Amino acid sequence: MYSFISGSVVEKNPTYVVLDNQGIGYFINITLNTFTAIGEQERVKLFVHLAIREDAHTLYGFYSESERELFLQLITVSGVGCNTARLILSSMTVKEAVDAIANNNIRMIQAVKGIGAKTAQRIVVDLHDKVGKLEAGDEISPVGHNTLKDEALSALMVLGFSKASIEKTLDKLLKQMENPSVEDLIKESLRLL
């Protein structure tokens, strides 16, 4: 139904963005890679997918067409819904995901929180021949933020983790990591939670 939405960034969070397009505010769920790519831009164009369920119409946005294409392929796999696909694309770049699938690297896919061995195998089997057509696009460079812990906490809570376990993990990571970005914190937290 929608191919892309462009507009002014009204609100930005590691898990969603609100775009103002002609006076309409679109709440769009995003991946960490898209969050990083948006950076400090005031206007942005996101490629979108509208997921329609009985109880909700949800927009998912992606900075690149290749990320959206991989998302669409992931949700065709049995047992992989929109939120799981978004979690996969938040835990690794499009290039890393494509390489893992193309090279039958089930361990790398299974390293994503919530992905079991059977689901990882299904992803590889179902998408192995399809991902070769994807172009990974440009790598995205990280952007620094002042409220690292708060943004990471908010993003991880939206993904369904408990506040107490997130805070414990983030505190541990902030002591270990030198000048991490929000994306780095969230990716490492996803591996530990």
Assigning unit charges at the beta carbon (Lys, Arg +1; Asp, Glu -1) and nothing else, what dipole magnitude in debye, to the nearest 20, does the chain show about its Cα centre? 620 debye
Run the 1.4 Å probe and let me know the accessible area of Thr76, rounded to the nearest 10 Å². 90 Å²
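At 1.4 Å probe radius, can you tell me the per residue accessible area of the chain in Å²?
Details: 10110 Å² over 193 residues.
Per residue, the chain has an accessible area of 52 Å².
In the structure shown, do any of Lys95/Lys168; Lys118/Lys175; Lys130/Lys172; Lys45/Lys118; Lys12/Lys187 have a Cα-Cα gap over 29 Å, and if so which? Spell out each step's value before the answer.
Working: Lys95/Lys168 31 Å; Lys118/Lys175 35 Å; Lys130/Lys172 39 Å; Lys45/Lys118 36 Å; Lys12/Lys187 18 Å.
With Cα atoms farther than 29 Å apart: Lys95/Lys168; Lys118/Lys175; Lys130/Lys172; Lys45/Lys118.
At 222 nm, what value in deg cm²/dmol follows for the chain if DSSP H runs of at least 4 each add -39500 (n - 2.57) and the sum is divided by all its residues, to the nearest 500? Write down the numbers at each step before the final one.
Values: 9 runs with 88 residues, N = 193.
About -13500 deg cm²/dmol.
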Out of the total accessible area of the chain (probe 1.4 Å, heavy atoms of protein only), what percent is carbon and sulfur? 47 percent
At least 24 Å along the helix axis (C-alpha) and Kyte average at least -1.0, DSSP helices within the chain: none
Please enumerate, by chain and number, the aspartates and glutamates with C-alpha under 18 Å from the C-alpha of Lys113, excluding those fewer than 8 residues away in the same chain. Glu96, Glu167, Glu183, Asp184, Glu188
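Please return the longest stretch of the chain lacking exposed loop sites, where GluC sites (Glu not before Pro) count only if DSSP places them in a loop and at most 15 other Cβ atoms lie within 10 Å. Provide the component values of the computation, followed by the final result.
On the way: sites that count: Glu40, Glu42, Glu54, Glu135, Glu139, Glu178.
The reported range is 55-134.
The values are calculated or read from the model by the stated rules, or taken from the named source; none is laboratory data. Everything quoted here is computed from the prediction, not taken from an experiment. Virtual Cβ from ideal backbone geometry, glycine too; neighbours counted across all protein chains shown. Protein only, heavy atoms only, side chains kept; ligands, DNA and RNA dropped before computing areas. Shrake-Rupley method; radii C 1.70, N 1.55, O 1.52, S 1.80 Å.
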